[in-house]
């Protein structure tokens with residue numbers, strides 16, 4: 001499963017990342033069909049090098065016509081933002097049913113601030129790190145375009161024509177494969193043990209959802 005392969009590779013390379021966007025909302029118990037995985041990374045050179053190694057291990061390739069290594073080039077990122085109005089650096093796997101991996105190239109909040117309040121979900125030796133969904137973070141994030149509907153870390157962004165065309169090229173069969181994998185991963189992680197660093201002395205129970213009730 002792409003989701004497991006992705007987070008295992010990030011863990012093996014010790015990448016400092018946080019899941020945000022629609023997948024994070026799912027893992028907090030608010031189900032939503034999303035065809036991408038949004039990541040917020042620590043943007044220092046060492047961490048980006050670790051991320052690039054993980055992406056290479058997974059065979060991920062950039063959607064824009066640039067080299068994967070260019071993600072580590074601060075000047076290149078600045079030009080993408082200024083000239084292309086780029087928000088995320090998108091990567092794709094060879095499998096058409098795999099979600100797009102979107103890396104925020106200029107996170108709206110300092111990474112260390114959000115990292116210190118992260119939520120970790122662990123199961124079977126795998127830990128997935130999420131941006132905190134508690135209200136103090138959510139309220140600040142909404143100033144940068146987050147959804148007020150869920151009180152979770154989420155991003156409202158305009159769907160580009162390029163992304164819409166790419167989605168239409170995915171066959172119905174592959175869309176159903178993607179949805180099945182998303183449901184399986186969501187069910188698995190909502191049953192995981194949870195540690196909330198914003199409440200260091202509070203143990204959270206696994207989230208319940210309609211996915212978790214499926215047999």
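Restricting to the stretch 62-112, name every residue that is part of a helix (DSSP H, G or I) and modelled with pLDDT under 90. Listed by number, the list holds a single entry, 84. Among (1) in a helix (DSSP H, G or I); (2) under 22 Å from residue 176 (Cβ atoms), where does residue 55 come up short? Only one criterion is unmet by residue 55, namely (2). For the stretch 8-21, the set of residues classified as in a helix (DSSP H, G or I) and buried (at least 23 other Cβ atoms within 10 Å of the Cβ) consists of 10, 21, listed by residue number. Of (1) without any contact (Cβ under 8 Å) to a residue 24 or more places away in the chain; (2) buried (at least 18 other Cβ atoms within 10 Å of the Cβ), residue 44 satisfies all except one. Which? The number of the failed condition is (2).
Taking residue 190 as the residue in question, decide whether it is closer than 22 Å to residue 132 by Cβ, at pLDDT below 55 and either crowded, with 18+ Cβ neighbours inside 10 Å or touching a helix residue (DSSP H, G or I) at 6+ places or on another chain (Cβ under 6 Å) (or both). Can you show your working first?
Values: closer than 22 Å to residue 132 by Cβ: yes; at pLDDT below 55: no; either crowded, with 18+ Cβ neighbours inside 10 Å or touching a helix residue (DSSP H, G or I) at 6+ places or on another chain (Cβ under 6 Å) (or both): yes.
For residue 190, the condition - closer than 22 Å to residue 132 by Cβ, at pLDDT below 55 and either crowded, with 18+ Cβ neighbours inside 10 Å or touching a helix residue (DSSP H, G or I) at 6+ places or on another chain (Cβ under 6 Å) (or both) - is not met.
For the stretch 123-130, does any single residue satisfy the condition of being outside any loop (DSSP other than H, G, I, E, B), at pLDDT below 90 and in contact with a helix residue (DSSP H, G or I) (Cβ under 9 Å, 6 or more places away or on another chain)? Scanning the stretch 123-130 turns up no residue that is outside any loop (DSSP other than H, G, I, E, B), at pLDDT below 90 and in contact with a helix residue (DSSP H, G or I) (Cβ under 9 Å, 6 or more places away or on another chain).
Taking residue 142, is it surrounded by 15 or more Cβ atoms within 10 Å (Cβ to Cβ) and at pLDDT 90 or above?
On the way: surrounded by 15 or more Cβ atoms within 10 Å (Cβ to Cβ): yes; at pLDDT 90 or above: no.
Against the criterion (surrounded by 15 or more Cβ atoms within 10 Å (Cβ to Cβ) and at pLDDT 90 or above), residue 142 does not qualify.
Summed over the stretch 67-93, residues that are in contact (Cβ under 8 Å) with a residue 12 or more places away in the chain and within 28 Å of residue 178 (Cα to Cα) total 11.
Does residue 96 satisfy the condition of being surrounded by fewer than 19 Cβ atoms within 10 Å (Cβ to Cβ), touching a residue at least 60 places away in the same chain (Cβ under 8 Å), more than 13 Å from the chain's Cα centre (by Cα) and on the phi < 0 side of the Ramachandran plot?
Yes: the conditions hold for residue 96.
Just checking, does the stretch 29-46 include any residue being more than 13 Å from the chain's Cα centre (by Cα) and in a helix (DSSP H, G or I)? Yes: the stretch 29-46 contains one or more residues that are more than 13 Å from the chain's Cα centre (by Cα) and in a helix (DSSP H, G or I).
Kindly indicate which of 10, 27, 41 is at pLDDT below 90, touching a strand residue (DSSP E or B) at 6+ places or on another chain (Cβ under 8 Å) and under 28 Å from residue 191 (Cα atoms). Write out each step before concluding.
Details: 10 fails: at pLDDT below 90; 41 fails: at pLDDT below 90.
None of the other options fit; the residue is 27.
The values are calculated or read from the model by the stated rules, or taken from the named source; none is laboratory data. The model shown is predicted, which means the values in this text are computed figures rather than measured ones. Here the Cβ is made from the backbone with ideal geometry for all residues, glycine too, and neighbour counts use every protein chain on show.
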